[in-house]
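Participant: My structure is below; once you've seen it, I'll send some questions.
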Amino acid sequence: MNGGDEVVAAPAGPPQPLEWKFSQVFGERTAGEEVQEVDIISAIEFDKSGDHLATGDRGGRVVLFERTDTKDRGGSRRDLERMDYSMSRHPEFRYKTEFQSHEPEFDYLKSLEIEEKINKIRWCQMANGALFLLSTNDKTIKFWKVQEKKVKRISDMNVDPSRAMGNGYIGSSSNSSSSTPYLANGGSPDRSYNYASNDYLFPAGGIPSLRLPVVVTTNETSLMARCRRVYAHAHDYHINSISNNSDGETFISADDLRINLWNLEISNQSFNIVDVKPANMEDLTEVITSAEFHPTHCNMLAYSSSKGSIRLVDLRQSALCDTHSKLFEEQEAPGSRSFFTEIIASISDIKFGKDGRYILSRDYMTLKLWDINMDSGPVATFQVHEYLRPKLCDLYENDSIFDKFECCLSGDGLRVATGSYSNLFRVFGCASGSTEATTLEASKNPMRRQVPTPSRPSRSLGSSLTRVVRRGAETPGVDANGNSFDFTTKLLHLAWHPSENSIACAAANSLYMYYA
């Protein structure tokens, strides 16, 4: 209050938890239906506008969906907002097209089968109404152009199909004294000739001159997917990440030991910018698990490791960026080390927030939010499935402990999400003071598996800068309904719409979409 003129507003509280509703499902399977391995979804990605969604599967196919609820309103979204049109309807998508991106291959030098499974999809900038995207399997990256093209048809031929007799024809001399007049281009004025089958009968007297078929562009359109470039033979190990640069010209690809920088226009050359391979492979202690470009700074990228650390790299420092500019890792609590400590610390996915200030990382048990200006530790830690800690030995035996779960942030940066077992996924609020920790099931009734609201977030006794928020611990072993968790159904892949509270997630071969 200053002289009665100014009123200081009370600080706004954290946003209210969202209530999620089912929107759509594609590829829903009936009860008892067996899922084919090739149909299981292995990648999901929204484009920057949020109007297109791409999924990849283990069969090497890429399926595209397009948003329909904004198109039906007659005008662009910006125009509708100017008209103060109510945007109350939730996002709706429809199937657009699909294409075979990768085929199974065999590396004869290494006697190694290369799966067709799509590991990652990344959208590139649109141009002239065409969609562009990158897709990769374990070894080969491809650059695709998807465009609507008008269908062309052959409209005219100078051979009469009505008198076709098998594959033969009635031969006759070109000098035959036929009374039928013929036009200069070989047509007959009293007979219409249309194209048809390959079995033709030439008219008696022959055709004085050959008229070529006329190709006519119709008003029909079809979507064509064309592979523009193939970026191959640059990785000795399996590719785990690809990421576009904000400059629109380059992208990176990462495998276990190296990160390569590519130009979209040049497919036969790449630059190795990170190489963690030791001179002696017996000295290898960690591998690269994920890599991503900064969303706005074209010179910065981050990559994570199997030891739970994230390194920030500045491409301006040197051509080979083996020395990082910043290192983010959480110090291990004394006395907490076990056989599984290093396995569950391995980061499976990292994502930058929209403004590039925060990095979200997912390890086996937790989600961590990092501030790139603070490398002393994460600003928040969210417990995804703490009930699994007593079961780590069983999960190690059946290899589930090596499952790689993805994570995502909302466009406004207020929430984060990741998957778990039993086709569950979790949404956490990361705004200051938020206690939001929602558990949803990938089904038509997403709120069916609710857990009790967790207690208030606990903070560390350290300085306020290094506070750690831990949230989301649930009832051990069972969900709120007393059901035991199913470790064979896992929700590994999900994506958050770039501008709205809408999530797409994959449960086996089904794509579920939710909105709030």
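The values are calculated or read from the model by the stated rules, or taken from the named source; none is laboratory data. Values in this document were obtained by computation on a predicted structure and should not be read as measured data. Cβ placement follows ideal geometry from the backbone for every residue including glycine, while neighbour counts extend to all protein chains displayed. Please note that ligands, DNA and RNA were not included when accessible areas were found on the heavy atoms of the full protein model with its side chains. Shrake-Rupley method; radii C 1.70, N 1.55, O 1.52, S 1.80 Å.
Participant: In region 260-276, how many are at pLDDT 95 or above, open to solvent by less than 90 Å² (accessible area, probe 1.4 Å) and outside any strand (DSSP E or B)?
Facilitator: So the answer is 1.
Participant: I would also like to ask the following. Among the residues of region 421-443, which ones are buried (at least 23 other Cβ atoms within 10 Å of the Cβ) and small (G, A, S)?
Facilitator: G429, A442
Participant: What's the number of the only condition in (1) within 23 Å of the chain's Cα centre (by Cα); (2) surrounded by fewer than 15 Cβ atoms within 10 Å (Cβ to Cβ); (3) of a type in the set (G, A, S) that A279 fails to meet?
Facilitator: In the conditions (1) within 23 Å of the chain's Cα centre (by Cα); (2) surrounded by fewer than 15 Cβ atoms within 10 Å (Cβ to Cβ); (3) of a type in the set (G, A, S), A279 misses (1) alone.
Participant: Sticking with this one: Name the residues in region 342-393 that are charged (D, E, K, R), under 25 Å from V313 (Cα atoms) and in contact with a Ser or Thr (Cβ under 9 Å, 6 or more places away or on another chain), would you?
Facilitator: Once the filter is applied, which keeps residues that are charged (D, E, K, R), under 25 Å from V313 (Cα atoms) and in contact with a Ser or Thr (Cβ under 9 Å, 6 or more places away or on another chain), region 342-393 yields E342, D349, K351, K354, D355, R362, D363, K368.
Participant: Can you confirm whether K110 is surrounded by 14 or more Cβ atoms within 10 Å (Cβ to Cβ), of a type in the set (K, R) and at pLDDT 75 or above?
Facilitator: Considered against the rule, which asks whether it is surrounded by 14 or more Cβ atoms within 10 Å (Cβ to Cβ), of a type in the set (K, R) and at pLDDT 75 or above, K110 comes out as no.
Participant: I've got another one for you. Among (1) touching a strand residue (DSSP E or B) at 6+ places or on another chain (Cβ under 9 Å); (2) assigned to a helix (DSSP H, G or I); (3) of a type outside the set (D, E); (4) surrounded by fewer than 17 Cβ atoms within 10 Å (Cβ to Cβ), where does M374 come up short?
Facilitator: So the condition that M374 fails would be (2).
Participant: I'd like to know if region 332-347 contains one or more residues that are part of a strand (DSSP E or B) and out of contact with any His (no Cβ under 9 Å at 6 or more places or on another chain).
Facilitator: For region 332-347, residues part of a strand (DSSP E or B) and out of contact with any His (no Cβ under 9 Å at 6 or more places or on another chain): absent.
Participant: Also, I was wondering about something else. Restricting attention to region 145-160, does a residue exist that is under 20 Å from D57 (Cβ atoms) and open to solvent by 10 Å² or more (accessible area, probe 1.4 Å)?
Facilitator: Within region 145-160, not a single residue is under 20 Å from D57 (Cβ atoms) and open to solvent by 10 Å² or more (accessible area, probe 1.4 Å).
Participant: Restricting to region 401-414, give me the number of residues that are open to solvent by 10 Å² or more (accessible area, probe 1.4 Å) and more than 18 Å from the chain's Cα centre (by Cα).
Facilitator: 4
Participant: Still on this model: A417 passes all but one of (1) surrounded by fewer than 16 Cβ atoms within 10 Å (Cβ to Cβ); (2) touching a Cys at 6+ places or on another chain (Cβ under 6 Å); which number fails?
Facilitator: The failed condition is (1).
Participant: Go through region 287-314 and report how many residues are in a strand (DSSP E or B) and over 18 Å from S253 (Cβ atoms).
Facilitator: Selection size over region 287-314: 3.
Participant: Of all residues in region 282-295, count the ones that are surrounded by fewer than 20 Cβ atoms within 10 Å (Cβ to Cβ), modelled with pLDDT of 95 or more and either under 24 Å from F132 (Cα atoms) or of a type in the set (S, T, N, Q) (or both).
Facilitator: The qualifying residues number 1.
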